[in-house]
Amino acid sequence: MYKQIETERLLIRPIKMDDKTFILNLLNTEGWLQFIGDRNIKNTLDAEIYIQNILNNKQVFYNVFLLKETTQPLGIVTWLHRDNHIFPDIGFAMLPEFTKKGYAFEATFKYMEDIRSQVKFDKILAITQPNNVQSINLIKKLGFKYERQSIKNSQILDIYAITCNTKKYKTRKYLTI
């Protein structure tokens, strides 16, 4: 879902064509290439095509989060309805120079909170590689619990889930660290 959301430090908004340089940089970071995979985005034209494909797909939503003070794009929060899963999954990625400051948690938590207040799902999934320790830590901090492993294209993935009707989630403060 595309959302316009604010937190104390961040603006969260739908991806747009003006994000092509940011997307080019993000998709070529070491973390993206290692844990998400090479999307073969090598220049801004490739990034524009990538963004257009996202905007054309009604099952995929990328939202960019930016610093309020400077409007510097830091990362993305994604909302995906995959054909091979019953429930949607949430994802996140950040430029490495902005990690370990709580931004990804703040953006992802607020985005999930907003979605959960408007749309009813039994569960939301988070999917990552078993060796992606940073993502696993954030997924757990968001309240997700390990559910199972899955194999996709010979790659082992860990699937985490959060039940959407828990009161614990609704009372947690997103800036709690």
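A few remarks follow.
- Summary: within the chain, the longest segment free of trypsin sites (Lys or Arg not before Pro) located in DSSP loops with at most 16 other C-beta atoms within 10 Å is 121-171.
- Taking θ as phi - 60° and the Karplus parameters 6.51, -1.76 and 1.60, the scalar couplings of the range 30-42 work out to 4, x, 4, 4, 6, 9, 10, x, 6, 9, 6, 9, 10 Hz in sequence order, x denoting glycine and proline.
- Cut-off of 10 Å, at most 15 other beta carbons, DSSP loop: longest stretch of the chain lacking such chymotrypsin sites (Phe, Trp or Tyr not before Pro): 3-120
- Extension gain, Glu48 back to Phe121 (0.36 nm per residue minus Cα-Cα distance, nm): 23.1 nm
- Cα shape, the range 18-67, gyration tensor, a/c 1.5 rule: rounded
- Distance from the alpha carbon centroid of the range 146-166 to that of the range 70-126 works out to 15 angstrom.
- Of the GluC sites (Glu not before Pro) in the range 15-114, the ones in a loop by DSSP (not H, G, I, E or B) with at most 15 other beta carbons within 10 Å are Glu69.
- Electrostatic bookkeeping for Leu125 treats Lys and Arg as +1 and Asp and Glu as -1; over the other residues with beta carbon under 15 Å from its beta carbon, the sum is +2.
- Helical content alone sets the calculated 222 nm signal of the chain at -9000 deg cm²/dmol, taking -39,500 (n - 2.57) per DSSP H segment of four or more residues and averaging over every residue.
- Shape category assigned to the chain from the gyration tensor of Cα positions, a/c cut at 1.5: rounded
- Amide H contacts of Gln129 (H built 1.01 Å from N, in plane; Pro and chain starts excluded): Asp158 sit under 5 Å, all sequence-distant by 5 or more or on other chains.
- Look at the alpha carbon pairs under 8 Å that are at least 6 residues apart: their mean separation over the length of the range 5-171 gives a relative contact order of 18 percent.
- Global form of the range 68-146, assessed from the alpha-carbon gyration tensor, a/c cut-off 1.5: oblate
Every read-out reported here was derived from the displayed coordinates using simple, explicitly stated rules and does not represent laboratory data. All figures in this text were calculated on a predicted structure; none of them were measured in a lab. Note that each Cβ is placed from the backbone with ideal geometry, even for glycine, and that neighbours are counted across all protein chains shown.
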